[in-house]
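The values are calculated or read from the model by the stated rules, or taken from the named source; none is laboratory data. Quantities reported herein were computed from a predicted structural model and do not represent experimental measurements. Cβ atoms come from the backbone with ideal geometry, glycine included; neighbour counts cover every protein chain shown. Ligands, DNA and RNA are stripped out before the accessible areas are found, and what is left, the full protein with its side chains, is counted by its heavy atoms. Shrake-Rupley method; radii C 1.70, N 1.55, O 1.52, S 1.80 Å.
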Amino acid sequence: ALALLVDGETKYLETVLNPEGLPWFERITKPVDAILHCVIGHKPDLVVMEDYARSIHGSASLVGLIELGGLIKHHLHREGYVEGANFFVQNSSQMKKFNLGVGKVTKDSRYLLTVKEKTGCSFSDDNQADAYMHARLGDAAYR
């Protein structure tokens, strides 16, 4: 999911979904294009990306995420974003600790309610909630 905050307000929020069974290149093209559309269209001061979920079981899933992450980083670099300056990679534990007060929160049926209780914001899915909370942490750190 993508979240864009301007002065603490959500200006853009989107979950990028792909139909099952797409070939590899088609699966990674849609999220990369969505990110580039947002970055080129809005030119944010800061871009934050969630770090790889190292707890994923199965090397095929992790390899796909790493390939996607590499493409995202490559395109962001081409748009002038430099990791450690105006582009940061954050892990989910840091994001959850900052926003929810604890670093380990499971994504169960109560997750979105917990996010709403702590942030005051509602989301249609947990990916949007995570994207928003990463943006909040990035914004606070950047300021």
Looking only at region 101-114, and only at residues there that are of a type outside the set (Gly, Ala, Ser) and not in a helix (DSSP H, G or I), the one that is least open to solvent (accessible area, probe 1.4 Å): Val105
Of all residues in region 1-14 being part of a strand (DSSP E or B) and acidic (Asp, Glu), the one that is nearest to the chain's Cα centre (by Cα): Glu14
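Every residue, every condition in (1) part of a helix (DSSP H, G or I); (2) without any contact (Cβ under 8 Å) to a residue 40 or more places away in the chain; (3) within 21 Å of Lys11 (Cβ to Cβ), yes or no:
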site	(1), (2), (3)
Ile66	yes, yes, no
His74	yes, yes, no
Tyr81	no, no, yes
Val89	no, no, no
Ser93	yes, yes, no
Phe98	yes, no, yes
Checking Asn127 against (1) in contact with a Lys or Arg (Cβ under 9 Å, 6 or more places away or on another chain); (2) under 22 Å from Tyr12 (Cα atoms), the condition it does not meet: (1)
Some residue of region 7-25 being hydrophobic (A, V, I, L, M, F, W, C) and touching a Leu at 6+ places or on another chain (Cβ under 6 Å): no
Hits in region 56-100 (condition: farther than 24 Å from Asn18 by Cα, open to solvent by 50 Å² or more (accessible area, probe 1.4 Å) and of a type outside the set (Phe, Trp, Tyr)): His77, Arg78, Glu79, Val82, Glu83, Gly84, Ala85, Ser93, Gln94, Lys97
Test: Asp45 is among the acidic types (Asp, Glu), assigned to a helix (DSSP H, G or I) and under 21 Å from Val6 (Cα atoms): no
When residues of region 15-30 are limited to those that are outside any loop (DSSP other than H, G, I, E, B) and free of Cβ contacts under 8 Å to residues at least 40 places away in the same chain, the one most open to solvent (accessible area, probe 1.4 Å): Phe25
Neighbours by Cβ (under 8 Å, 6+ apart or cross-chain): first from region 119-143, more than 13 Å from Leu46 (Cα to Cα) and open to solvent by 60 Å² or more (accessible area, probe 1.4 Å); second in a loop (DSSP other than H, G, I, E, B) and of a type in the set (Ser, Thr, Tyr): Ser124/Thr15; Asn127/Thr15
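A quick yes/no check of all residues on (1) at pLDDT below 90; (2) under 13 Å from the mean Cα position of the chain (by Cα):
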| residue | (1), (2) |
| --- | --- |
| His37 | no, no |
| Ile40 | no, no |
| Val48 | no, yes |
| Tyr52 | yes, yes |
| Leu71 | no, no |
